[in-house]
Structures are given as C-alpha cells and as structure tokens.
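The values are calculated or read from the model by the stated rules, or taken from the named source; none is laboratory data. All of these numbers come straight from a predicted model, not from anything done at the bench. Every residue, glycine among them, receives a Cβ derived from its backbone with ideal geometry; neighbour counts consider all protein chains shown. The accessibility values were calculated without ligands, DNA or RNA, using every heavy atom of the protein model including side chains. Shrake-Rupley method; radii C 1.70, N 1.55, O 1.52, S 1.80 Å.
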Amino acid sequence: MHAAALLHLLQLSSPSLPIGAYSYSQGLEAAIENGRVANEAGARAWIAHALHEVVARFEAPIFTRLVDAFAARDAQAVTLWTERFIAARDTSEFRAETIQMGYSLGKLAADLKLGDPELLAILQAQAEVPLPTALAFATVALQVPREAAVLGMLFAWAENQVLACVKTVPLGQVAGQRMLLSLQPELERAAATAQTLQDDELSNWSPGLSLLSMQHEVQYSRIYRS
C-alpha cells in the first residue's frame, strides 16, 4: 500500500477520530449487566461471535458495496445501500448510533474538504447518513484500498468492543491487548467473508442482540449510549 493510503487508513481506523464511537457498546453493556459476559474468555467469545454472525455478514458487506458505489460515482447505488442499512437497524439505540456517528464523520469530511465536489454531492444528497456510508465516502476520498479499509473498519469495531469490556467487566489492560492479538485471525476471516457474500446472503438476523439493545434502553445504570 502507498504510504499516504496507509496513513489515511490509520487515521480512519483510529478510535480517537471524533465521531463518538467510544460512547457505544452495541448491546455489550447489557450483556455484561445480565451476566452473559463476565470474564476474559466470555468477552472474547462474545466479540468473535458478533463479528462473524453480525458485522461480517451485514455491516461490513454493505460497507464494501458503498465503497464500490462511491468509487463508481453511482449515486443510485449509494442511496440504495444507505437506505437498506438504516432500515435494518431494528432498535432505536442502534439506529441513533449509526446516524449520529455517520453525521459526525460526514461533517468532519466536509470540514476537511475531503473528496471532489461530485463525490461530496452524493454523500450530501442522502436523507440520512449512517456510519458505513460516511466511512465509505472517506475511504474513496482518501484513496484507501477497499480491502485495507474493510480490515480497518473491523479492527476499529473490535477495539471498541474490547475497550468496553476493559471498562465494564472489568478487565485489565493486558487482558484487553491479549484479546486484540487473539482476534487478528478472526478479523482476517471476517474481512474475507464480507467481501465474498452475494446480495441474497446478507443477514443481520440476531434477535438476542436486538433484545439486549432494547433492554439497554431502559437499563437503570449504564455508561454507554447503546
């Protein structure tokens, strides 16, 4: 990868990017609250399962399609996959999360004047911008290879999940780093899955996670917004 593209990938994947990802657990905090995740082994199993059964089979494949659509300047395809992704957010927390982060990243991209006017116009034409759409726009605007961007997206998601476990289970920093190291083969496999699924194979069917998200909406004591 060209050095500039690598640096751009590191920037996009950084948890320090000010889009608010650190304030969401995606149902994990509710799982910790009710005892489903109580130690390092349980945390790793939870993250790996969510990675392969949810993120790699829906969010990441839609992200790849959005990257391709932006690269082709196909506004219709961008709108199609944007609307499908938003429609698939089946709890108010999950929907609010992706819209908030997508808006923040889209605004940041506009403020930084990323991309050409045609590319930016496609992004700004969307009625609402979820995170995968904004991230796909930034990927194309910064000329990051799609394969690398998928890995970066998945790593950022996994790192945020690990951080939620470190804070909330709680686990030590060493345990968190150990989990991230052990998840690297899982992330590679998930990236490969995301880039090979056909449209009719996409699925975010995870009723247990949806129920946890709904329970989290009324959880009495919590740190995260989802």
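Here the range 130-143 is the region considered, the condition is being modelled with pLDDT under 95 and not in a helix (DSSP H, G or I), and the residue that is most open to solvent (accessible area, probe 1.4 Å) is Gln143.
As a summary of the residue check, Ile223 satisfies the conditions (1) farther than 28 Å from Trp81 by Cβ; (2) open to solvent by less than 80 Å² (accessible area, probe 1.4 Å) except for the one numbered (2).
In this structure, does Leu151 turn out to be closer than 20 Å to Ala48 by Cα and under 18 Å from the mean Cα position of the chain (by Cα)? For Leu151, the condition - closer than 20 Å to Ala48 by Cα and under 18 Å from the mean Cα position of the chain (by Cα) - is met. Elements of the type helices (runs of 4 or more DSSP H) sitting completely within the range 1-113 and holding at least 3 residues that are within 16 Å of Pro130 (Cα to Cα), modelled with pLDDT of 95 or more and open to solvent by less than 70 Å² (accessible area, probe 1.4 Å): these cover 60-71, 75-87. Put simply, of Leu181, Leu211 the only residue that is free of Cβ contacts under 8 Å to residues at least 40 places away in the same chain, aliphatic (A, V, I, L, M), surrounded by fewer than 19 Cβ atoms within 10 Å (Cβ to Cβ) and closer than 18 Å to Glu29 by Cβ is Leu211. Can you find a residue that is without any contact (Cβ under 8 Å) to a residue 60 or more places away in the chain, open to solvent by less than 20 Å² (accessible area, probe 1.4 Å), touching a helix residue (DSSP H, G or I) at 6+ places or on another chain (Cβ under 8 Å) and not in a helix (DSSP H, G or I) anywhere in the range 144-159? Scanning the range 144-159 turns up no residue that is without any contact (Cβ under 8 Å) to a residue 60 or more places away in the chain, open to solvent by less than 20 Å² (accessible area, probe 1.4 Å), touching a helix residue (DSSP H, G or I) at 6+ places or on another chain (Cβ under 8 Å) and not in a helix (DSSP H, G or I).
The one condition from (1) open to solvent by 80 Å² or more (accessible area, probe 1.4 Å); (2) in a helix (DSSP H, G or I); (3) closer than 19 Å to Ala56 by Cβ; (4) polar (S, T, N, Q) that Thr193 does not meet is (1). Note on the range 44-66: residues that are under 16 Å from Arg146 (Cα atoms) and over 14 Å from the mean Cα position of the chain (by Cα) total 1. Glu188 passes every criterion in (1) surrounded by 15 or more Cβ atoms within 10 Å (Cβ to Cβ); (2) more than 25 Å from Gly102 (Cβ to Cβ); (3) acidic (Asp, Glu) apart from (1).
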